[in-house]
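Notes follow once the structure below has been shown.
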């Protein structure tokens, strides 16, 4: 597995071919070819093994966001949004 050839002359197979029927990883994961194999991993904002699953990480629920203490945190796919409350100004990571 991972190689093609006649047993004497062998070539590494490019496993991370992104055609829909041959991509070896989960549909949203990233893939890196290695010699004779490949490695899959989930992108930032997701967790899982990268091979069979990648699910959204809820940074708001886990408290791993960087929103200001007065800001609200809204989980979105692969990330989150911080929003200052009415009467405050800022980008959500800082509210004044």
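The values are calculated or read from the model by the stated rules, or taken from the named source; none is laboratory data. Since we're looking at a predicted model, the values are computed, not measured. Cβ: placed from backbone, ideal geometry, glycine included. Neighbour counts: every protein chain shown.
Condition check ((1) crowded, with 16+ Cβ neighbours inside 10 Å; (2) under 19 Å from residue 43 (Cβ atoms); (3) touching a helix residue (DSSP H, G or I) at 6+ places or on another chain (Cβ under 7 Å); (4) assigned by the TED database to the domain that holds residue 44) across all residues:
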{"site": "66", "(1), (2), (3), (4)": "no, yes, no, no"}
{"site": "69", "(1), (2), (3), (4)": "no, no, no, no"}
{"site": "73", "(1), (2), (3), (4)": "yes, no, yes, no"}
{"site": "77", "(1), (2), (3), (4)": "no, yes, no, no"}
{"site": "80", "(1), (2), (3), (4)": "yes, yes, yes, no"}
{"site": "86", "(1), (2), (3), (4)": "no, no, no, no"}
* Is it true that residue 10 is surrounded by 15 or more Cβ atoms within 10 Å (Cβ to Cβ) and in contact with a strand residue (DSSP E or B) (Cβ under 9 Å, 6 or more places away or on another chain)? -> no
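Please specify each residue of region 22-46 satisfying the condition of being part of a loop (DSSP other than H, G, I, E, B) and more than 26 Å from residue 64 (Cα to Cα).
Passing the criteria: 22, 23, 24, 25, 35, 36.
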